[in-house]
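Asker: If you scroll down you'll find the structure; I have some questions about it.
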Amino acid sequence: MFSDLIGYHIYQHDPLPPLAPQHAYDYVLAANGVFMRAQSPMMQVCIPICNTAVRGLRPLQPAIHLIHGRLPSAMLQHCITDARQATTEQNHLLETLYHVHLIEGHYRLVKPPQSATTGNVTTVTVYPQTLLDLHTHGDSAAFFSATDNRDEQGLRFYGVLGKVRDREPEMRLRLGCYGYFYECPLETLFLDGQVNALVRL
């Protein structure tokens, strides 16, 4: 049923075969569990999805390669500054949504048209080559909700900013790979160490 969309490999010898162009992703059984490999015009990834020892195979390491490089922390600073200004008449913070997508080989930060409340934000605008989907939680903590887990089904990074008015807001970052998630340090996506002065995990 899925032979044209998904590949399956047992990791016994180096190197692994390249991801077939027609495959959305591959499953790889390795000594340290099951991994998922996928790629897009922006990244090549290999993430663990099940940590179980399998005797007789080679261990595999997680890998995330950003083809066009990492993002400057200035993009994140812009999101924080903008999110602090998105308030109701009672000065409650609205949730806000930002995308970083690829245009002609360059990353662009976009705030798509959105419908926002203090507890939800949605958009109908879809960018096919999106590297980062970032939303805020206003004054609440940064966490991925059950709604996020249901909706975040693409191959991209997903981030959430919480306690936005704090001097250092909270941030959580994960790589989404078609319904599987792998939490990442901020340096995986952002170019310089200044990001650690902007937010806290």
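Taken together, the values in this text are just the output of simple stated rules run on the coordinates, not laboratory data. From a predicted model like this one, the values you see are computed outputs, not experimental measurements. Neighbour counts are summed over all protein chains in view; Cβ atoms, including those assigned to glycine, are modelled from backbone coordinates with ideal geometry.
Asker: If one takes the longest principal axis of the Cα atoms in the chain, at what angle in degrees, from 0 to 90 and to the nearest 10, does the Cα axis of helix 73-84 lie?
Answerer: That works out to roughly 40 degrees.
Asker: If you don't mind, another one. How would you rank 92-100, 121-129, highest first, on the average number of other Cβ atoms within 10 Å across their residues?
Answerer: Answer by packing, highest mean first, reads 92-100, 121-129.
Asker: What value in Å³ per residue do you get for the convex hull of the alpha-carbon atoms in the chain?
Answerer: In the chain, the Cα hull volume divided by residue count equals 136 Å³.
Asker: Please give the net charge around HIS99, taking every other residue with its beta carbon less than 11 angstrom from that of HIS99, where Lys and Arg add +1 and Asp and Glu add -1.
Answerer: My count for the surroundings of HIS99 gives +2.
Asker: Over region 1-83, what relative contact order in percent results from Cα pairs under 8 Å that are six or more residues apart?
Answerer: Computed over region 1-83, the figure is 23 percent.
Asker: Now a separate question. Using the Cα atoms of region 96-201, I'd like the radius of gyration and the largest Cα-Cα distance, Dmax, both in angstrom.
Answerer: Just the Cα atoms of region 96-201 yield Rg and Dmax of 13.3, 36 Å.
Asker: Averaging sequence separations of C-alpha pairs under 8 Å and six or more residues apart, then dividing by the length of the chain, give the relative contact order as a whole percent.
Answerer: 14 percent
Asker: Where does the chain land at 222 nm, in deg cm²/dmol rounded to the nearest 500, when only DSSP H runs of n ≥ 4 count, each adding -39500 (n - 2.57), divided by all residues?
Answerer: Dividing the helical sum by the residues of the chain leaves -3000 deg cm²/dmol.
Asker: Another one. Given DSSP loops and a limit of at most 13 other Cβ atoms within 10 Å, what is the longest stretch of the chain that contains no such trypsin sites (Lys or Arg not before Pro)?
Answerer: Longest stretch, sites excluded: 56-164.
Asker: Calculated FRET efficiency, ASP82 and PHE143, Cβ-Cβ r, R0 22 Å, to nearest 0.05?
Answerer: So the FRET efficiency works out to roughly 0.55.
Asker: Take the Cα pairs of region 1-94, get the Kirkwood Rh, then feed it into Stokes-Einstein at 10 °C and 1.306 mPa s and tell me D in µm²/s.
Answerer: 98 µm²/s
Asker: Return the percentage of antiparallel bridges among DSSP beta bridges fully within the chain, rounded to the nearest 5 %.
Answerer: So the antiparallel bridges in the chain amount to around 75 percent.
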